[in-house]
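K.L.:
My questions will all concern the structure given below.
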Amino acid sequence: MAAHTIILGIESSCDDTSASISRDFEILSNVTANQSIHEQYGGVVPELASRSHQENIVPVVEAAIKKAGISISEIDAVAFTQGPGLLGSLVVGASFAKSFALARNIPLLAVHHMKAHILAHFINDSNKQKPPFPFLCLTVSGGHTQIVKVESASKMTVLGKTIDDAAGEAFDKSAKMLGLPYPGGPLIDKFSKLGDSTKFKFSKPRIQGLDFSFSGLKTSILYTIRDQVKLNSNFIEENKMDLCASIQSTIIQLLMEKIEKAVKETGITHVAIAGGVSANSGLREALEKKNEQDWTTYVPKFEFCTDNAAMIAIAGKFLINEKQFANQQVVAKARIDW
Ligand code: KG4
Ligand code: ZN
């Protein structure tokens with residue numbers, strides 16, 4: 001391999017088809033095709049997602065290579081998301097990556113999607129400090145909510161996780177109750193900025209240890225809306241901003257309480273966030289405020305919070321360093337251990 005390692009990263013675990021070219025820990029390009037088709041269904045329809053991945057994968061990879069200003073022959077290895085995710089979606093990326101590696105006779109790297117969200121913190125960025133090992137990472141996405149102890153790029157232990165919905169799901173399902181389109185998380189974030197977060201109080205669960213639960217909150221929001229709409233059919237419209245601000249603030253409180261507990265229990269004060277919900281401005285602010293106390297916090301660049309192939313390419317670079325290569329027998333998996 002040349003002095004520098006050029007990796008093609010492929011991400012297709014949910015509804016975004018993404019391809020990226022990295023040179024060592026630098027991102028040369030990161031191109032994503034979003035699937036707006038799911039908006040009208042209020043969530044991701046797996047069959048439609050895999051169909052769109054098939055249509056998008058070749059143009060997205062071509063665009064990533066072109067944008068990076070390299071030729072195909074310069075690519076040293078291909079990294080893809082093996083899982084967790086929607087199987088029909090993962091299979092498209094996995095099959096593409098296997099064929100690409102076989103045709104070009106280059107190494108294949110099978111990446112764990114959630115580990116990749118965490119490893120996005122190691123993308124070269126002159127404005128950002130990289131977290132030192134060990135650090136804690138709150139990984140919050142549409143499918144996962146976990147507190148992870150990160151001892152190295154390969155040694156990660158889940159200290160706590162959600163026992164029902166993920167934080168992203170809590171945002172999306174609440175948004176749906178307010179009549180907002182999918183994915184509702186970014187819209188709740190936007191409307192929250194204009195609302196009063198103390199206007200509505202929702203019940204918060206008492207879950208032992210470092211685990212999370214969001215299903216009680218969902219019910220509490222549902223009952224509030226149901227009772228108030230009976231009294232005023234325009235309740236949601238008239239209170240949209242305050243409802244969003246109150247929902248967002250409750251979700252953030254639930255997340256922050258547990259990460260604070262994890263810091264106390266482990267004594268680790270380097271704390272990062274990762275995954276789609278780490279794009280949330282309220283969560284980013286809550287974490288950054290902790291910098292003023294005795295924590296050192298790490299918030300990913302906005303474009304590397306939600307699903308992207310740049311994080312897959314970077315995770316691939318770590319796999320090369322550890323000589324963890326996949327072979328042509330590798331298969332996509334909806335569920336994968338840490
Ligand atoms: O990591 P991601 O792109 O996909 C999964 O691996 O699940 O996360 C998607 C989730 C969705 O639930 C979406 O609503 C949420 O991240 N999300 C947000 C924001 N941006 C994305 N939630 C709250 N505020 C945001 N700004
Ligand atoms: Zn994700």
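K.L.:
Pull up segment 60-90, narrow it to residues that are part of a loop (DSSP other than H, G, I, E, B) and farther than 23 Å from A326 by Cβ, then point me to the one that is nearest to ligand 2 (Cβ to nearest atom).
P.N.:
Only one residue fits best here, namely G69.
K.L.:
Please indicate, with yes or no, whether at least one residue in segment 78-85 is more than 22 Å from W338 (Cβ to Cβ), surrounded by 17 or more Cβ atoms within 10 Å (Cβ to Cβ) and assigned by TED's automatic domain parsing to the domain that holds A19.
P.N.:
yes
K.L.:
Within segment 69-116, track down each residue that is in contact with a strand residue (DSSP E or B) (Cβ under 7 Å, 6 or more places away or on another chain) and among the polar types (S, T, N, Q).
P.N.:
T81, Q82
K.L.:
Of all residues being within 9 Å of ligand 1 (Cβ to nearest atom) and touching a Phe, Trp or Tyr at 6+ places or on another chain (Cβ under 8 Å) in segment 131-179, which is farthest from G276 (Cα to Cα)? Just the residue, please.
P.N.:
A175
K.L.:
Identify all residues within segment 142-174 that are over 22 Å from N308 (Cβ atoms) and free of Cβ contacts under 8 Å to residues at least 40 places away in the same chain; write none if there are none.
P.N.:
E151, S152, K155
K.L.:
So, one more: Considering (1) aromatic (F, W, Y); (2) under 17 Å from the mean Cα position of the chain (by Cα); (3) crowded, with 18+ Cβ neighbours inside 10 Å, say which one F200 fails and leave the rest.
P.N.:
(2)
K.L.:
Consider segment 254-263. How many of its residues are open to solvent by less than 20 Å² (accessible area, probe 1.4 Å) and over 13 Å from V140 (Cα atoms)?
P.N.:
Number of matching residues: 2.
K.L.:
What tally of residues in segment 264-309 results from selecting those that are basic (K, R) and surrounded by 19 or more Cβ atoms within 10 Å (Cβ to Cβ)?
P.N.:
Adding up the residues that qualify gives 1.
K.L.:
Would you check which residues across segment 253-286 are of a type in the set (A, V, I, L, M) and away from ligand 1 (no atom under 15 Å from the Cβ) and list them?
P.N.:
Selection gives I259, A262, V263, I268, V271.
K.L.:
Return the pair list, or none, for Cβ contacts closer than 6 Å from residues in segment 71-97 that are more than 15 Å from I6 (Cα to Cα) to residues that are part of a strand (DSSP E or B), at least 6 apart or on different chains.
P.N.:
Listed pairs, sorted by first residue: T81/E11; T81/V111; Q82/A110; L90/G83; G93/I10; G93/F80; G93/T81; A94/F80.
Listed here are the residues, each with its yes/no results for (1) in contact with a helix residue (DSSP H, G or I) (Cβ under 7 Å, 6 or more places away or on another chain); (2) open to solvent by less than 20 Å² (accessible area, probe 1.4 Å); (3) assigned by TED's automatic domain parsing to the domain that holds M311; (4) farther than 29 Å from K323 by Cβ.
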site	(1), (2), (3), (4)
E11	yes, yes, yes, no
C14	yes, no, yes, yes
A19	yes, yes, yes, no
S29	yes, yes, yes, no
E39	no, no, yes, yes
V44	yes, no, yes, yes
R51	no, no, yes, yes
V58	no, no, yes, yes
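K.L.:
Next up: Out of the residues in segment 143-163 meeting the condition of being under 12 Å from the mean Cα position of the chain (by Cα) and surrounded by 23 or more Cβ atoms within 10 Å (Cβ to Cβ), tell me which one is modelled with the lowest pLDDT.
P.N.:
H144
K.L.:
Another one. Among the residues of segment 9-23, is any away from ligand 1 (no atom under 13 Å from the Cβ), farther than 28 Å from K128 by Cα and of a type outside the set (D, E, K, R)?
P.N.:
Looking for residues that are away from ligand 1 (no atom under 13 Å from the Cβ), farther than 28 Å from K128 by Cα and of a type outside the set (D, E, K, R), one finds none in segment 9-23, hence no.
K.L.:
Determine whether E169 is open to solvent by 50 Å² or more (accessible area, probe 1.4 Å) and farther than 24 Å from F302 by Cα.
P.N.:
No; evaluated as a whole, the condition is false for this residue.
Results for (1) touching an Asp or Glu at 6+ places or on another chain (Cβ under 7 Å); (2) open to solvent by 50 Å² or more (accessible area, probe 1.4 Å), shown as yes or no for each residue.
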| residue | (1), (2) |
| --- | --- |
| D165 | no, no |
| G185 | yes, no |
| D196 | yes, yes |
| G216 | no, no |
| T224 | no, no |
| L231 | no, yes |
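K.L.:
A further question follows. In this structure, is K289 in contact with a Gly (Cβ under 9 Å, 6 or more places away or on another chain), more than 11 Å from ligand 1 (Cβ to nearest atom) and more than 15 Å from H121 (Cβ to Cβ)?
P.N.:
no
K.L.:
What are the residues in segment 191-210 that are under 17 Å from V140 (Cβ atoms) and out of contact with any helix residue (DSSP H, G or I) (no Cβ under 8 Å at 6 or more places or on another chain), if any?
P.N.:
I207
The values are calculated or read from the model by the stated rules, or taken from the named source; none is laboratory data. As the structure is a computational prediction, the values presented were derived from the model and not from experiment. No Cβ is skipped: glycine too gets one built from the backbone with ideal geometry, and neighbour counts run over all protein chains shown. The area values use the complete protein model at the heavy-atom level, side chains included, leaving out ligands, DNA and RNA. Shrake-Rupley method; radii C 1.70, N 1.55, O 1.52, S 1.80 Å.
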